[in-house]
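Working notes, structure below.
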Amino acid sequence: MNERTIELTEISPKDFFGAQNSTIEQLKRYFPKIKIVARGSKLKIYGDPEILDEFETRLERLIKYFNKYNKLDENSIEQILTSNGNEEKTAAAKNAKEVLVHGVSGRLIKAQTENQRKMVTLMAKNDMLFAVGPAGTGKTYTAVALAVKALKEKEVRRIILTRPAVESGENLGFLPGDLKEKLDPYMQPLYDALRDMITHERLESYLEKGVIQIAPLAFMRGRTLDNAFVILDEAQNTTHNQMKMFLTRMGKSAKFIITGDPGQIDLPRKQVSGLKESLLALKDIDGIAQVHLDDKDVVRHRLVRKIISAYKSIETE
């Protein structure tokens, strides 16, 4: 009788094995000639080589399914254990048209408005996209979903998320903690989006290994960003030099999304926004696209759309 050890990495054994090891019990029923022992993140399996090979193939499909959909139930396990794999590919093809990412707890992350869908379409055809519009239009969330999708589908090797560290009327020097602790609150919207789309254990692993990097814009200087999906958020707060520096970091097989709200600039009064300049300077370059979102794209509370509309009326008077 042969013995093999399989280790689960970057996923929670507790979630994958299920309540009271329900996944293991289902595997045992399907593979009665194999002895299966679960210990922590490791599976020890005993049996004839041919059956062990088949077991590993089915287990790999289960892991791939769990990685993509962030859940595993009795029906999906049964389907994967009894199918030849074609049904899964057909189902995936149907979902691929609409769903960007299968988030945590089976949450379906989709583009919800016309301009968000335009972001998805244009990003498929271009390597750089500017998505601008007011708060709540889902531009950052959609951008992060596109980045996670590209990472999961191995189109890129890493995700880099950055923001200019503009203090928005508050002094960072007076905040407690080291540089990371001072800056993390400014990066929180990016963390929030990622937590919707990637399980806690996997996200922590990605952050620890540098597969996902979240850093202030100043940290991009001197780097060449190859094989990466890079998002510059709050780009309205970049200066001319910062924007030029960022855009020229683009390396081979890279995708860039720049998001911002030209109506919420926190720069000193006489400082020109690098976002506004770049929208004009780069508008006719092939491979660079622009999407302008508006209050019709707001996906927050219904009052947010009315608030944006009210402010627009007094700001244009």
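The values are calculated or read from the model by the stated rules, or taken from the named source; none is laboratory data. What you see is a predicted model; the values in this text were computed from it and never measured. With ideal geometry, Cβ positions are generated from the backbone for all residues, glycine too; neighbour counts draw on all protein chains shown. Calculation scope for accessible area: heavy atoms of the full protein, side chains included, ligands and nucleic acids excluded. Shrake-Rupley method; radii C 1.70, N 1.55, O 1.52, S 1.80 Å.
Miscellaneous remarks
- With all protein chains in place and a 1.4 Å probe, the accessible surface of segment 190-317 carries 51 percent carbon and sulfur.
- A 1.4 Å probe, protein heavy atoms only, puts the accessible area of residue 186 near 50 Å².
- Rolling a 1.4 Å probe across all protein chains gives residue 261 an accessible area of roughly 20 Å².
- For the chain: relative contact order, % (alpha-carbon pairs under 8 angstrom, 6 or more apart): 20
- Comparing 235, 131, 38 in a Gaussian network model of the chain where C-alpha atoms under 10 Å apart are linked, the largest mean-square fluctuation is found at 38.
- Gain on full extension, evaluated as 0.36 nm per residue between residue 302 and residue 4 minus their Cα-Cα distance, stands at 101.7 nm.
- Taking every Cα-Cα distance in segment 236-285 and sorting them into 5 Å bins from zero, the calculated P(r) comes out as 4, 19, 30, 25, 14, 6, 2, 0 percent.
- Entry for the chain at q = 0.12, 0.14 Å⁻¹: log10 I(q)/I(0) = -0.88, -1.09, Debye formula applied to identical alpha-carbon scatterers, no solvent contribution.
- Distant alpha-carbon pairs in segment 238-317 (separation over 14 angstrom), percent: 72
- Here the simple spin-label model places points 7 Å from the Cα toward Cβ, and for residue 271 and residue 218 these points are separated by 1.1 nm.
- Converting phi to 3J(HN,Hα) with the Karplus coefficients 6.51, -1.76 and 1.60 and the offset θ = phi - 60°, segment 117-128 yields 5, 5, 4, 4, 5, 5, 5, 6, 9, 10, 9, 9 Hz in sequence order, with x at every glycine or proline.
- Per residue accessible area in Å² of the chain, where ligands, DNA and RNA are left out and the probe is 1.4 Å: 56
- With both residues required to sit in the chain, DSSP beta bridges show an antiparallel share near 35%.
- Spatially proximal lysines relative to residue 28 (Cα-Cα < 28 Å; intrachain offsets below 8 disregarded): 14, 42, 44, 64, 68, 71, 89
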